[in-house]
Every structure is written in C-alpha cells, then in structure tokens.
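**Student:** Here you go, one structure.
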Amino acid sequence: MACGRTAALVALFVWPAAAQLTVAQKLADFQSLVSLYAKQYAPYEWKRDTQGFDLYNVAPWVERIRRSPDDLEYLQILAEYVAAFNDIHSSYSVRSGFVADLHLYTDIYDGRVLIEQIDRTYLPASRYPFEVGDEIVLFDGRPAMDVVKEIAKVVRFANERSTLRFAADFLVYRPQTMLPFASRLGDSASLLVRHADGTEQTYSIDWDKTGYPVTKLGPVPNVPFPANLAGSQPSPQLAESERRQIVTTKVRRLRERLESNMVPGGVRHLAGFGSRTPVFRLPSNFVQRLGRNRSDYFYSGTYESDGKRIGYIRIGDFQPVDYSLLFLAVRQWAAEIAFFKANTDGLVVDVMRNPGGFGCYATELMGYLTTKPYFTFGNELRPTLEWVQAFYESAQVTTEDGFEPWEITMLEGAYRDVLAAFGENRGRTGPLPFCSASLEATPALDRSLAPLGYNKPILLLVDEFSTSAGDIFAAMAQDNGIAKLYGYRTAGAGGTVAESLVGFYSEGGARATVSLVTRARAYTAPGYPTTSYIENIGVQPDIPADYMTRDNLMNRGATFVEGFSQAIVNLILDVAKD
C-alpha cells in the first residue's frame, strides 16, 4: 500500500532536467516578487514619473527570464529588476552565506578606483608591493570602472555617485547574497595596479572563499496543473487582480518599521561606514572625551582653532544595539551636549558614512541641538492592511494612558487618513507623523521647562553615505535652521523599510520601501522636480566640500578637516558680528 502511494506521488511531480527551475517556475516565482512591490512599494509613482521606471512593465523582464539558461542567470535578473528601482532601501537578496574576498578595500577618489586599505596578513608587502593610494587600472583584463558599473546593475544606492562608490566596495569583496554571480568567480583575480610613481604591475590574488555557494535552485518538483487552470503560456503582464495580491509579511508595529532602516550588511566592508570613529584624523590638539569605552555610543572631544574652542561629536549610526537601553544613549548625548554648551564656542556634528537606523532616535537627538520647536519628518504611506491595523491601535490611546486630548485627536486623524487611502485604493496617504502625535517636536527641556539645547553655531558634516536616518537628521538640521551642512549631498534614502521572504522557488528575500519621507520644505535638485521628498534627491550641503580626493586619502583628511574647522570658526565669527 505504501509503495502505491509513493508511486502516485512520483507520478504527480515531474522533476526538471539538470536540477534547474523550469520557465513556468521562474515566472511564478518572479510574479510573487512583483506582487510584493505592487502591493507595498510606496515610491512607485515617484520612480515612474521622475526616472522612467515602471515596476508594472514586466514584459522585458519576463522575456529575459524565458531566455535565462540557468538558475544563477535567473537570480541575476531578479536582483537587476529590484536594483532598477534606484532605491537603496529596496533590494533582492539570495539565500547564501558565500563570500569571496581579496582582502582589499577599494573606493573612488578623484574619479578613479584606488586602494584604500590592505590586509597585510593576507597580502604581505613582499609579494604584493602595492600601497594605499595606488590605482586599480584593470580588473581581470577589463577597465576597473567598467567592472564597477557592471556590479552597479545589482547594487544601487539612490544617486549615481553613491551607487558607484557602493559598487566599488564590491569590486574586491563579493557577498553572494547581493551579487548572485559571486559563485562563478575563478580561483584568483588579476589586478593591473598603477603605483604612485606611474609604474604599472599586474598582480594575481587568490580569492578567499567562505560559505556555501549557491549554483542552482533545484531540484524542484513541477506540479502538472490541468491546462484549463494553468493556461498554455504565462502572460507577460500581471493581471490587475494579481497586482493587488496581499503578500504575507511578518507583522510589525508602527514605530518598529523605522528600526530596520539601515542599508544591507554587506556594505559594512566600506571603510568607516557605521564606525564610531571618524574617517579622518582630527587636529593634533584634539582632546578626546567619548569613544574609548565599549559603552560609549558616540566619539567626541574638543580642539582649538583660530583661538576658538570647537566641540566635535560623531554619530556612527542611529541604530543602538539594544533598543531597551535607548535611553542610555540619549542620556549620554544630553550630558555631552550640556558640556559643549558650557565649554565651547561652536560645535561640529559628524554623520558622514552613517548607515541610518531609527528615525525617531535621530529626532530625539536633534532636540538637544536646538532651543526652539522643530519640524521632524512625515511619512507618506502605501496603505496596506498592516498599516491600517497599526494606526488603528495607535488611535485607541486615551487620557488614562497619559496622552493629551490634542494628541488623541491627531492620532485619530492619522488613522482616518490611512483608512481612507486604503478604502479609496490610493497610492499613498498624506504626510503622517511616526515619532509622536505631531510633525512638530518640542526641544529638550529641563524640569523648569527651560531649553537644554545647544545655543551656539553648529556645523553638520554630511556625505553621500549619510543614509536614511542620516538623511533625515540632515534635513531636520537644515530645514529648521539648526545647523549649516558641510560636505557632500546625502544619500537620498528617503523611506521606511519592510523585509519579506519572497519567491517559493528561489527562497530569496526582498526589502521594500513602504513609505516616502517628507521634509519641512520643498527643494529643487538637478533632474528632479521641486519637492519635499528626500528619496533620490538627498540633502544638499550649504557649504560643498568633497572628501573623496587622493589628497584626503593619503593625509587622513587633513585638507577636509582644515576646511570644516575654518567653516565653523567663520560661523562663530558671523554670530559675533550680529
């Protein structure tokens, strides 16, 4: 009897040849990915109207999938489809822990791919006599920048410069979770290096490979549905009913949405990204205060410049390890700002290479940098049942829970906005508050209701990797006149993230941007309409300065440090004149 049941099961399933997915399986799998974004992706209209990418136009992708010869090619197509959103918060990940590493760090300085760091335990100078600052001209016989641009097809930030730097990081470090073709790498890579004296030499470096490499998704049984159910050919376009399919995701409460707003972990190979210590060397007279102990959330200190005492504090990320102890980070920040308020003439706050995190944490820290009420940020949500439930729960608070009547009214209004958008099948709600009942926040106050915030000039350091909550922090500082921004345009990661498992056959993962962050004022950026969105546009500095020069690389940012030190002194002098 058991043998008969086994035979029946064998007859039901047909195994694809060579343990690869069939075309029908790939298309069904791809449809689940597209359906996820059709349901959840908030910036759809923004991407369609400003960048010409329509996630519903699946016909070209379906055709590529039909022609894909194997599973790795199929995974590459999935990664390219999501990367085409030009959105660091949205990405496709392969279920793989495989990594190939050359034990180098590379980045783009002065428009060239330069060596930034070298692991001399793996690459001894006796065999590999290249140095920091040397240029990688060719990689496996191809121009290095061409390889970087190829990698950029599957790893995107939100603007061209940050995307290319992001991809340059993966030139010599290939995690398959983000780069499907990583498992196809050979045993070694060939690098033509141009040394500082202009001479060139080719080096062969063995890839250090760890983890299980994914090479196929099969064997996967194919269920032979009757023709009148499955149809003869899958449609190249998704039906409207399929677009509206609700993809099951792990339920998160309202404010927990912002806790995952960091970029994927693979980018931490980028030097200084998320680091507590600054990427540059501070002046020789810098006296460090925080940053020596593991319990320190920040790196801080003071130094003298042109007779002025300058405070410096770095926020490495907005993602404390333990959210239950978040108040400790805020308390440490408050104490440090109080010290700076009493002992400095001006303050430099550093959020360069900050990968983001919890936007409400960023909002709370901002409250210690101002003495006046300030606009925080709004979120235009893609309405889903999950959001309806979350805002419904938020609207159930009462005065007995410690809420003021006006707060209850605001929370009830937000719930009605979400419910209306959901019922009307609108693409997004209006801007809604996430961190409190209102889009306006009160500055930090003492027990007598006197403001605790810093009341002297502030300079905020930003760059193209000031990301997500880093974008938000910069926008709040600029929009409210709290600080002048020094550096480079921020990343432009302006949304909230949801993570899901997607694709029954590929077993992949997907991050989707489920809201659009709005700031207090509208701005115009080249190539974009005037808007209050941060997505793709980022936040423009008041005082432009580019850290990514070979001079800064070789001198630990001495020119950059000199520049921002002079800028904060000028701000101090300007205030004194007034």
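The values are calculated or read from the model by the stated rules, or taken from the named source; none is laboratory data. These numbers were taken from a predicted model, which means no experiment stands behind them. In this analysis, Cβ positions are derived from the backbone assuming ideal geometry, glycine residues included, and neighbour counts consider all displayed protein chains. Areas reflect the complete protein model, heavy atoms only, side chains present, ligands, DNA and RNA absent. Shrake-Rupley method; radii C 1.70, N 1.55, O 1.52, S 1.80 Å.
**Student:** Report ³J(HN,Hα) in whole Hz for each residue of the range 89-98, in order, from the Karplus equation J = 6.51 cos²θ - 1.76 cosθ + 1.60 where θ = phi - 60°; Gly and Pro get x.
**Tutor:** Each residue of the range 89-98 in turn: 6, 10, 7, 10, 10, 7, 6, 8, x, 6 Hz.
**Student:** Please state the charge dipole magnitude for the range 61-203, taken about the Cα centre, from unit charges on C-beta atoms (+1 on K and R, -1 on D and E), reported in debye and rounded to the nearest 20.
**Tutor:** On the way: 16 positive and 22 negative charges, 83 e Å.
In total the dipole reaches around 400 debye.
**Student:** On average, how much accessible surface per residue is there in the range 60-145, in Å², for a 1.4 Å probe, leaving out ligands, DNA and RNA? Don't skip to the answer; put the middle values down first.
**Tutor:** On the way: 3140 Å² over 86 residues.
Value returned for the range 60-145: 37 Å² of accessible area per residue.
**Student:** Which sequence of Cys435, Cys360 reflects their accessible areas, 1.4 Å probe, from the largest down? If you can, show how the numbers build up before the last one.
**Tutor:** Numbers: Cys435 45, Cys360 20 Å².
Result of the area sort, largest leading: Cys435, Cys360.
**Student:** Which one of Ile313, Ala334, Gly301 is farthest out on the positive end of the charge dipole of the range 275-338, using unit charges on Cβ (Lys, Arg +1; Asp, Glu -1) and the Cα centre as origin?
**Tutor:** With unit charges placed on the Cβ atoms, the residue in question is Gly301.
**Student:** Now for a separate question. So what is the relative contact order of the chain, in percent, for Cα pairs below 8 Å that sit 6 or more residues apart?
**Tutor:** Working: 1193 pairs, mean separation 102.3, N = 578.
Dividing the mean separation by the residue count of the chain yields 18 percent.
**Student:** Another question, then. According to the Kirkwood expression over distinct Cα-Cα pairs, how big is the hydrodynamic radius of the range 503-578, in Å? Before the final figure, lay out the partial values.
**Tutor:** Details: mean 1/r = 0.0594 Å⁻¹.
After inverting the pairwise mean of 1/r, the radius is 16.8 Å.
**Student:** Here is a further query. What size of dipole, in debye to the nearest 20, comes out for the range 412-480 about its Cα centre when the only charges are +1 on Lys and Arg C-beta atoms and -1 on Asp and Glu C-beta atoms? Mind showing how you got there, number by number?
**Tutor:** Numbers: 5 positive and 9 negative charges, 36 e Å.
So the dipole magnitude of the range 412-480 works out to roughly 180 debye.
**Student:** Round to a whole number: what % of the accessible area of the range 420-578 belongs to carbon and sulfur, probe 1.4 Å?
**Tutor:** Working: 3190 of 6110 Å².
Heavy-atom surface of the range 420-578 belonging to carbon and sulfur, 1.4 Å probe: 52 percent.
**Student:** Could you check the spin-label model distance between Gln288 and Arg120? Points 7 Å from the Cα along Cα→Cβ, value in nm.
**Tutor:** 2.0
**Student:** If you don't mind, another one. Taking only protein heavy atoms and a 1.4 Å probe, what accessible area per residue, in Å², does the range 344-482 have with all protein chains in place? Can you show the working numbers first?
**Tutor:** Numbers: 5100 Å² over 139 residues.
Per residue, the range 344-482 has 37 Å² of solvent-accessible surface.
**Student:** Next question. Sorted by average packing, counted as other Cβ atoms within 10 angstrom per residue and highest first, what order do 50-58, 303-311 take?
**Tutor:** 303-311, 50-58
**Student:** If ligands, DNA and RNA are left out, what is the accessible area of Asp574 with a 1.4 Å probe, given in Å² to the nearest 10?
**Tutor:** 80
**Student:** Where the only charges are on Cβ atoms (+1 Lys, Arg; -1 Asp, Glu), what is the dipole of the chain about its Cα centre, to the nearest 20 debye?
**Tutor:** Computed charge dipole of the chain: roughly 600 debye.
**Student:** If you don't mind, another one. For the range 362-404, which whole percent of the accessible surface, found with a 1.4 angstrom probe, sits on carbon and sulfur atoms? Working shown, then result.
**Tutor:** Details: 870 of 1840 Å².
Solvent-exposed carbon and sulfur of the range 362-404 make up 47 percent of the total.
**Student:** In a Debye calculation with equal point scatterers on the alpha-carbon sites of the chain and no solvent, what is log10 I(q)/I(0) at q = 0.05 Å⁻¹?
**Tutor:** Scattering profile of the chain, log10 relative to I(0): -0.24.
**Student:** Which is farthest toward the positive dipole end of the range 17-160 among Gly52, Ser68, Gly141, measuring Cα position about the Cα centre, with Cβ charges +1 (Lys, Arg) and -1 (Asp, Glu)?
**Tutor:** With unit charges placed on the Cβ atoms, the residue in question is Ser68.
**Student:** Hey, another quick one. Hey, any idea what % of the range 151-195's accessible area is carbon plus sulfur with a 1.4 Å probe? Please report the intermediate quantities before stating the final value.
**Tutor:** Values: 600 of 1310 Å².
Whole-percent figure for carbon plus sulfur exposure: 46.
**Student:** Same structure, new question: Of all DSSP beta bridges in the range 456-541, what percent run antiparallel (nearest 5)? Mind dumping the intermediate values first?
**Tutor:** Details: 8 of 12 bridges.
Here the antiparallel bridges make up roughly 65 percent for the range 456-541.
**Student:** As I understand it, the dipole of the range 456-516 uses +1 on the Cβ of Lys and Arg and -1 on the Cβ of Asp and Glu, about the Cα centre. Which of Phe504, Phe473, Ala491 lies farthest toward its positive end?
**Tutor:** Phe473
**Student:** Let me ask another. Using θ = phi - 60° and the Karplus form 6.51 cos²θ - 1.76 cosθ + 1.60, what ³J(HN,Hα) does each residue of the range 290-307 get, whole Hz, x for Gly and Pro?
**Tutor:** After applying 6.51 cos²θ - 1.76 cosθ + 1.60, I find 9, x, 8, 9, 4, 7, 7, 8, 10, 10, 8, x, 9, 7, 9, 8, 6, x Hz.
**Student:** Compute the length gained on full extension between Arg276 and Ser436: take 0.36 nm times their separation in residues and subtract their Cα-Cα distance, giving the result in nm to one decimal. All intermediate terms of the calculation are to be shown ahead of the outcome.
**Tutor:** Details: separation 160, 0.36 × 160 = 57.60 nm, distance 2.81 nm.
So the extension gain works out to 54.8 nm.
**Student:** Return a whole-number percent for the relative contact order of the range 50-190, with Cα pairs under 8 Å and 6 or more residues apart as the contact set.
**Tutor:** Numbers: 191 pairs, mean separation 42.5, N = 141.
Relative contact order for the range 50-190 comes out at 30 percent.
**Student:** Report the gain in length on full extension from Arg48 to Asp306: 0.36 nm times residue separation, minus Cα-Cα distance, nm rounded to one decimal. Display every interim value, and only then the final one.
**Tutor:** On the way: separation 258, 0.36 × 258 = 92.88 nm, distance 5.04 nm.
Full extension of this stretch gives 87.8 nm more.
**Student:** Can you pull the three principal axis extents for the Cα set of the range 399-555, in Å, largest first?
**Tutor:** 61, 57, 31
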